[in-house]
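Throughout, read-outs are computed from the coordinates displayed, never taken from laboratory work. Being a predicted model, the structure only gives us computed values, none of them experimental. Using ideal geometry, Cβ is built from the backbone for each residue, glycine included, and neighbour counts are taken over all protein chains shown.
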Amino acid sequence: MGANSSSFSGREYSGRPCGSQAGTSPARAVLEGVLWILNTGAQWHMLPQCYPNYKTVHRRFQHWCEHAILREVLTDLANELRERGAIDESEAFIDATFASAKGGGDAIGPTKRGKGVKIMAIVDRHGLPLSVSTHAANHHEVTLVQLSFDFYMIEAKPERLIGDRAYDSDRLDSELSAQGVEMIAPNRSNREMKTQDGRALRRYARRWIVQRFFAWLQWQRRLLVRWE
């Protein structure tokens with residue numbers, strides 16, 4: 001996104017047109033304004049003038065969220081990438097990270113780190129997101145796996161789902177197995193009888209793929225702290 005001008009649908013958009021109406025701002029320009037806010041962590045009124053008016057951008061963004069428009073767009077994009085062979089769900093990785101909730105709101109929970117939300121993500125073997133969702137931070141990750149699949153963006157579930165020790169659960173293994181998904185996670189240290197095959201656990205060495213996704217996500221400063 002340029003600081004002074006950007007091209008949207010083949011035409012130049014520079015500054016705010018005098019007397020422009022809220023509804024006439026190109027969707028691409030509004031989306032780039034939203035991405036600028038998410039990336040910088042700035043307040044809405046600090047949106048540079050090379051984008052539409054910040055009130056328009058905020059209003060349209062809220063509309064897109066309330067009507068699940070962005071989710072539909074991401075779902076269509078994910079399935080198109082899968083058809084092109086760019087997404088490989090045969091092996092997927094799951095993990096979570098904590099985000100502070102300074103602004104309060106719904107679905108937050110108290111933890112030792114303060115009130116916040118837990119961002120859950122499932123990525124394919126290339127690190128592309130298949131599911132991203134937020135939940136109250138005081139829930140254990142193993143209880144959120146099935147909820148994460150409610151936000152899964154492609155029809156085919158992964159053949160193998162790989163996570164850390166937080167996902168070592170007989171009940172979870174059984175539930176996912178019934179859905180054709182093999183859960184691979186190292187056994188907890190207090191488990192008396194080991195259940196994981198050492199050969200399958202070799203795949204755990206590639207868990208850095210989902211950690212890399214969260215490292216990228218945390219560069220989006222608006223996602224690090226929930227201000228609204």
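With viscosity set to 1.002 mPa s and temperature to 20 °C, compute the Stokes-Einstein D of the stretch 90-187, Rh being the Kirkwood radius across alpha carbon pairs; µm²/s, no decimals. Answer, rounded: 155 µm²/s. Placing pseudo-labels 7 Å out from each Cα toward the beta carbon at GLU66 and ALA178 gives an inter-label distance of 3.8 nm.
The value obtained for the stretch 141-228, namely the Cα convex hull volume divided by the number of residues, is 137 Å³ per residue.
Here's how it looks for ILE162: its modeled amide H is under 5 Å from those of ALA92, PHE93, ILE94, ILE184, which are all 5 or more places away or on a different chain.
Length available on full extension from SER90 to HIS139: 0.36 nm per residue minus the Cα-Cα distance, which gives 14.9 nm. Over the chain, the hull volume per residue, using the convex hull of the C-alpha atoms, is 140 Å³. Taking θ as phi - 60° and the Karplus parameters 6.51, -1.76 and 1.60, the scalar couplings of the stretch 86-91 work out to 7, 10, 10, 8, 4, 9 Hz in sequence order, x denoting glycine and proline. Mind listing the phi-derived Karplus ³J(HN,Hα) values for the stretch 131-137, rounded to whole Hz, using 6.51, -1.76 and 1.60 with θ = phi - 60°, and x for any glycine or proline? 3J(HN,Hα) across the stretch 131-137, in whole Hz: 7, 9, 8, 10, 9, 4, 5. Judged by the gyration tensor of its Cα atoms, with axes a ≥ b ≥ c, the stretch 46-117 is oblate; a/c meets the 1.5 cut and b/c is at least as large as a/b.
DSSP bridge analysis restricted to the stretch 88-224 gives an antiparallel fraction near 75%, rounded to the nearest 5.
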